[in-house]
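All remarks here apply to the structure that follows.
The values are calculated or read from the model by the stated rules, or taken from the named source; none is laboratory data. Small disclaimer: the values here were computed from a predicted structure and weren't measured. Neighbour counts run over all protein chains shown; Cβ positions are idealised from the backbone, glycine included.
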Amino acid sequence: MKAYGVRWALLLPPGLVLFALFVVPVLMMVITSFRPDLRGGPFAWGWDPTLQHYQNVIGGGDYLPLLATSARIALLVAFLACALAYPVAYFLAFRVGRSTSLLLTLLIIPFWSSYLLRTIAWKIILGSNGALNSFLGFLGLTNATAPILLYSRSAVVVTLIYVWLPFVALPIYAGLLRIDRSLLEASADLGASRFQSFRKVTLPLSMPGVIAAFVMVFIPTVGEYVAPILVGGTRGSLYGNIIEILFGDGINWPLGSAMALLMLVGVFILILALAKVLRVRNLIEAVER
């Protein structure tokens, strides 16, 4: 009984915080999405529930394609960030040695600055008088004063990859550290080359860290709205920008709630599908072995 009480004493405070800061806001958003309008304030009662806002999102013709575009960009950002971060994490885990602490510190230094400042820095780099245009002009590749990449979805992808790259490398690095080095030695003793050992041993065993990094990037990127505003412009707007406008300007909270909930459900379905596919793939690989 004493251990049971200690367990609840440890679980109760974070559970209450999670309930107050996550569950309650989501429930309020669910309720708001069924309201016809926001008359009387967010806590008013006596209104008749309606599905009109969900019908507007599903049948509007613009919202769902924009959500699909945001999901594709999130998948691209997550994939490229993981692909670029994996060699960095591999180098830190297997090749650095005594300098690991120093290089890990250098890796997380970008986190010491604001997310907003790092995004604005890319706006300066990609601007008409920025580093990219100036360098291309110096090489004689362009004479245009207009930015080449800024105010587009390509700029959003580049910026988000830069923002997430250090964050992605850490779970991959942790996954690589958990690999038993004796397995690599056994692979080498059996005549496998370094590439074969990497493909058959290192990569499969590090996949939990890669998947965790992928999911942690994909989920927030689907609803991203800061980077599209700063470096995407009107041509780089994503699904999250519409939700931010509906809530930020107070135009239509019920419609914004419906859009946010549909995005939440869509992301949840994609994550479940990804988990199912990976589980099936792992089963197939186990059978093949």
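Considering only helices (runs of 4 or more DSSP H) fully contained in the range 164-261, which possess at least 2 residues that are crowded, with 21+ Cβ neighbours inside 10 Å? Don't jump to the end; show me each part of the working.
Values: elements: 181-189, 194-197, 203-222, 239-248.
Result: 203-222, 239-248.
The numbered conditions (1) modelled with pLDDT under 85; (2) assigned to a helix (DSSP H, G or I); (3) over 20 Å from the mean Cα position of the chain (by Cα); (4) surrounded by 11 or more Cβ atoms within 10 Å (Cβ to Cβ) are all true for residue 108 except (3). For the range 50-103, a tally of residues being among the hydroxyl-bearing types (Ser, Thr, Tyr) and surrounded by fewer than 13 Cβ atoms within 10 Å (Cβ to Cβ) returns 2.
Identification of helices (runs of 4 or more DSSP H) wholly contained in the range 1-78 with 2 or more residues that are within 28 Å of residue 213 (Cβ to Cβ) yields 2-18, 24-33.
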